[in-house]
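The values are calculated or read from the model by the stated rules, or taken from the named source; none is laboratory data. The model shown is predicted, which means the values in this text are computed figures rather than measured ones. Here the Cβ positions follow ideal geometry from the backbone for every residue, glycine too, while neighbour counts run over all protein chains shown. The area values use the complete protein model at the heavy-atom level, side chains included, leaving out ligands, DNA and RNA. Shrake-Rupley method; radii C 1.70, N 1.55, O 1.52, S 1.80 Å.
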Amino acid sequence: MARYELVKRSVALITLTNPPVNALSSPVRHAIAKSMERALSDPKVTAVVICGENGRFCGGADIREFAGPLRGPPLIPVLDAIEAGRKPVVAAIEGVALGGGFELALVCHYRIAHSKARLGLPEVTLGILPAAGGSQRLPRLIGIPAALELITTGRHISAQEALKLGIVDQVTDQNACEMAVEFALKSVGKPLSSRRVSMLTTPCPPDLDALLEAATMQVKKKARGVMAPLACIQAVRAAATMPFSKGMKRESELMTTLFNSGQAQAFQYCFFAQRTAGKWTLPSGAQWNNSKPREIRSAAVIGLGTMGRGIVVSLARVGISVIAVESEKKLLENGRQMVIGMLERDAKRRGVSASLNLLKFTLSLQDLKDVDLVIEAVFEDMALKKRVFQELSKVCRPTTLLCTNTSGLDVDALAGVTNRPHLVAGMHFFSPAHVMKLLEVVCGPRSSSETIATAMSLGKKMGKVSVAVGNCPGFVGNRMLKPYLDQATFLLEEGATPEQIDKALEDFGFAMGVFRMSDLAGLDVGWRVRKESGLTGPDVDSKNPPRRRQGHRYCPIPDMVCEQGRFGQKTGRGWYMYDKPGDTNAKPDPLIQNLLETYRSRYGIQPRNISDQEIIERCLFVLANEGFRILEDGMAARPEDIDVIYLFGYAFPRHRGGPMFYVSMVGLERVLERLEHYHQAHPDVPHLEPSALLKKLVACGSPPVQKWREYIKTMHSHL
Ligand SMILES: CC/C=C/CC(=O)SCCNC(=O)CCNC(=O)[C@H](O)C(C)(C)COP(=O)(O)OP(=O)(O)OC[C@H]1O[C@@H](n2cnc3c(N)ncnc32)[C@H](O)[C@@H]1OP(=O)(O)O
């Protein structure tokens, strides 16, 4: 787990050997401690270099070990012994030095980094804080403001920034390990006391309280209810106001609180869920590690609306040449200008040049005959999409992959009108497509493994978190959204207000409640979907709209809001009112209050007081209940996939881990009992009826979420 060698006759070279990221697992900590003892006691050794195998210094603590009791030597005494040693120790940082890996580098007396290395204390993103002295040493080394920013954001920094901040002593383009050995030889005999970071005095700014207060306000605004950034601030305060040993004690107390909070578990679950989601598998046995993706060099995007423009930008900025197609000259010109503006702004922000030369704009599908892949992003209308796919089938060479950005229509129906159904798949981006990280890759029953592998790999190349899902109406994300939105509007009928429901969801951790979010997205989108599915339309009696449609409870209030031309922020009116169209500051609107009161009295509904608990349970338990059905139906392979979709596509609060993890933490038995209760109260809402899988899991003793897959195995997979 660590190799020990003597190089240049007097330098002990300790190489961490724990692939893939040289995490500080128990055997690694043990090996570092033993190697250091050996180096310090060997009279031949005058200096030590610590590096990591395979060009990666160290990715930090082994996160998997957090789930169990501590085994092996704790990290802090191992690190303290390195810093206190009488021989100079140099960290040779290649690849990454993150978390405990960065803390290991901080106890070395010198740090040499390769120019491509990245450093950081990402603990906050795992719901914890740097608790092996990082929160106490970094402020001593670089001062409070810079340390506070790095620790509370968990941001990774480049070697160049680390040099500027005074974290590393030298940056090299050459072999960092060889440079560190040379450096170590030159350091022999130089005094070490000023190199021991724990012995430095923290440079304390005069406005410390104001600084910490401002940081507190900022993190509270950014991540509602998340404990870790607040604990980080308290730990940094300790570094500014306490001697090192007391600061370490404070750091440890804060870590214990975070570890016991449940939030840390949720964050750590998210870390692994994201990685699990990339490991897709199809019923044929094809999967991520046995299917070869095609290389995509050229692509076409059809439709330059909001989605299409974002997709063009996502492709072009990773070096793929893109032909963008529109149906009318004016739309094409407008799209061209928007795309160029977006690419230029994006390039400026990233400090690179905009890849405008990769773009071509056309009105003719004939220009697509040689592209490797097409993404259709036209209006959400099946007949129109079918026409486009028929045309593409004729125009494109037979090997071109044809993908659709539909947000819920039948991908297989589109495949069926082409001459290559195996090369058709869904690539469902989220709006705005160049910003949102999620990509649902929709596997139709006829999509080949190569097609899915290519769509997943293209998503990864574009920096997306890609999740393979089955082909059902709404796929995974939007299918689950429907019952969630339904519950929110049923609660309005029963007596709640949009503000009350939003506040309950925002207190839960969502950045925006369901109504504020709908105003942002545009209420007309859902209205159109409801019209297309026959739920509303000109035949409905608009004076007395029925509250039961297609055999189930239906809330006509969203349609009534749209009928008044209230489409959300873009029209300056929606569930809230805004000072002008396009404004984002939502204010409660008395007209909506009035509409709700009139509606309730027309239907004889006696409004009742609804608790925040009921809001959360009805909205979120029903969301997860649909997630269980999706697992039963084989439309998602694992609960982790569903959670990743909700984390990255619907801003589900990360400290809750995603809807499936959240209900597992609440306790499946309780969730089942509450759903049964609500279903009894609202028997005309089938989504409230507990799913068979939920019942099965409860009957099997409510296993942890990571084990649910074992109970789904027997069911049919559409992936
Ligand atoms: C008391 C001491 C406390 C210390 C606190 C800490 O140190 S907390 C840990 C801090 N470190 C991190 O948060 C780093 C987490 N890892 C990453 O950000 C990335 O993995 C990476 C190091 C930047 C590498 O990214 P890359 O994209 O190249 O690879 P993957 O992310 O796909 O990871 C490859 C596999 O390695 C597993 N893994 C990564 N880091 C850790 C870790 N710290 N502990 C355990 N396992 C880790 C990851 O899960 C992947 O595994 P697979 O089985 O292949 O999916």
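If you take the charge dipole of the stretch 187-279 about its Cα centre, with +1 on Lys and Arg Cβ and -1 on Asp and Glu Cβ, which of ALA210, VAL188, ALA231 is farthest toward its positive end?
VAL188
Sort SER364, SER447, SER194, SER353 by heavy-atom solvent-accessible area, probe 1.4 angstrom, most to least.
The most accessible residue leads, giving SER353, SER194, SER364, SER447.
Could you work out how far helix 144-153 tilts from the main Cα principal axis of the chain, as a 0 to 90 degree angle to the nearest 10?
So the inclination is approximately 50 degrees.
Counting only protein heavy atoms and using a 1.4 Å probe, what share of the accessible area of the stretch 351-393 belongs to carbon plus sulfur, as a whole percent?
51
Give me the number: length gained by fully extending PHE379 to SER26, i.e. 0.36 nm times residue separation minus the C-alpha to C-alpha distance, one decimal in nm.
Length difference between fully extended and current span is 121.6 nm.
Does the stretch 173-214 classify as rounded, prolate or oblate by the C-alpha gyration tensor (a ≥ b ≥ c root eigenvalues; a/c under 1.5 gives rounded; else a/b over b/c gives prolate, otherwise oblate)?
Because a/c hits 1.5 or more and a/b fails to exceed b/c, the stretch 173-214 counts as oblate.
In the stretch 226-282, what percent of the accessible surface is made up of carbon and sulfur (1.4 Å probe, ligands and nucleic acids excluded)?
56
Counting only Cα, what are the radius of gyration and maximum Cα-Cα distance Dmax of the chain, in Å?
28.4, 94
So what's the angle, to the nearest 10 degrees on a 0 to 90 scale, between helix 668-681 and the longest Cα principal axis of the chain?
The angle comes out at about 20 degrees.
List the pair-distance distribution P(r) of the stretch 490-581, using every Cα-Cα distance, as the percent of pairs falling in each 5 Å bin from 0 up to the bin containing the longest distance, rounded to whole percents.
For the stretch 490-581, the pair-distance distribution reads 3, 13, 21, 23, 21, 13, 5, 1, 0.
So if we plug the beta-carbon distance of GLU563 and ARG670 into 1/(1 + (r/R0)^6) with R0 = 41 Å, what FRET efficiency do we get, rounded to 0.05?
0.55
Residue by residue through the stretch 9-14, which ³J(HN,Hα) values in whole Hz follow from phi under the Karplus form 6.51 cos²θ - 1.76 cosθ + 1.60 (θ = phi - 60°), with glycine and proline marked x?
Taking θ as phi minus 60°, the curve returns 6, 9, 10, 7, 9, 9 Hz for the stretch 9-14.
Can you give the accessible area of ASP173 in Å² (nearest 10), computed on protein heavy atoms with a 1.4 Å probe?
That residue has around 120 Å² of solvent-accessible surface.
Say each of GLU597 and ASN585 gets a label point 7 Å from the Cα, pointing the same way as Cα to Cβ; how far apart are those two points in nm?
Once both label points are built, they end up 2.6 nm from each other.
Using θ = phi - 60° and the Karplus relation 6.51 cos²θ - 1.76 cosθ + 1.60, list the HN-Hα couplings for the stretch 605-615 in order, rounded to whole Hz, with x at every Gly or Pro.
So the Karplus estimates, Gly and Pro as x, are 8, 7, x, 10, 6, 10, 7, 4, 4, 5, 4 Hz.
To the nearest 0.05, how large is the calculated FRET efficiency for PHE272 and THR17 if R₀ is 22 Å and r is the Cβ-Cβ distance?
So, using R0 = 22 Å, E works out to roughly 0.45.
Go through LYS369/LYS461; LYS279/LYS360; LYS329/LYS464; LYS220/LYS246; LYS222/LYS695; LYS503/LYS695 and tell me which ones have a Cα-Cα distance over 28 Å in this structure.
LYS279/LYS360; LYS329/LYS464; LYS222/LYS695; LYS503/LYS695
Subtracting the Cα-Cα distance from 0.36 nm times the residue separation, let me have the gained length for THR216 to ARG548 in nm, one decimal.
This chain segment gains 114.7 nm when fully extended.
Find which of ALA97, LEU129, VAL48 sits farthest along the positive direction of the dipole of the stretch 1-142, computed with +1 on the beta-carbon of Lys and Arg, -1 on that of Asp and Glu, about the Cα centre.
Among ALA97, LEU129, VAL48, the one farthest towards the positive end of the dipole of the stretch 1-142 is VAL48.
For the pair THR241 and ASP684, how long in nm is the line joining their label points, each one 7 Å along Cα→Cβ?
Once both label points are built, they end up 5.9 nm from each other.
Indicate, rounded to the nearest 5 percent, the antiparallel portion of the DSSP beta bridges found entirely in the stretch 92-243.
Bridges in the stretch 92-243 that DSSP calls antiparallel: roughly 20 percent.
The chain: longest stretch without exposed GluC sites (Glu not before Pro) (DSSP loop, at most 13 other Cβ within 10 Å), sites themselves excluded?
It works out to 329-719.
What is the magnitude of the charge dipole of the chain about its Cα centre, with +1 placed on the Cβ of each Lys and Arg, -1 on the Cβ of each Asp and Glu, and no other charges, expressed in debye to the nearest 20?
Roughly 1620 debye for the chain.
Please tell me the relative contact order of the stretch 577-719 in percent, rounded to the nearest whole number, where contacts are Cα pairs under 8 Å and at least six residues apart.
27
Summing -39500 (n - 2.57) over the DSSP H runs of n ≥ 4 in the chain and dividing by its residue number, what mean residue ellipticity at 222 nm do you reach, to the nearest 500 deg cm²/dmol?
-14000 deg cm²/dmol
Expressed in nm to one decimal, what extension gain is obtained for the pair ARG64 and ASN289 from 0.36 nm per residue of sequence separation less their Cα-Cα distance?
That pair, ARG64 and ASN289, stretches by 78.8 nm at full extension.
Which whole-number percentage describes the relative contact order of the stretch 467-570, with Cα contacts under 8 Å and a sequence gap of 6 or more?
Relative contact order comes out at 25 percent.
What is the stretch 249-354 by shape, rounded, prolate or oblate, if you read a ≥ b ≥ c off the alpha carbon gyration tensor as root eigenvalues and call it rounded for a/c under 1.5, prolate for a/b larger than b/c, and oblate otherwise?
oblate
Going by a ≥ b ≥ c, the root eigenvalues of the Cα gyration tensor, does the stretch 616-719 fall in the rounded group (a/c under 1.5), the prolate group (a/b larger than b/c) or the oblate group?
rounded
Output wanted: per-residue J couplings in Hz (rounded whole) for the stretch 329-340, from phi through Karplus 6.51 cos²θ - 1.76 cosθ + 1.60, θ = phi - 60°, x for Gly and Pro.
Along the stretch 329-340, the couplings run 4, 5, 5, 5, 5, 4, x, 4, 4, 5, 4, 4 Hz.
Under 16 Å from the 7 Å Cα→Cβ point of SER252, by amide nitrogen: which residues of the stretch 118-141?
Hits in the stretch 118-141 for SER252 at 16 Å: 129-137.
What nm distance separates the two modelled labels at ASN54 and LYS707, each placed 7 Å from Cα along Cα→Cβ?
3.1
Please report Rg (one decimal) and Dmax (integer) in Å for the Cα set of the stretch 169-273.
19.0, 51
In what sequence, largest accessible area first, do ARG479, ARG618 appear using a 1.4 Å probe?
ARG479, ARG618
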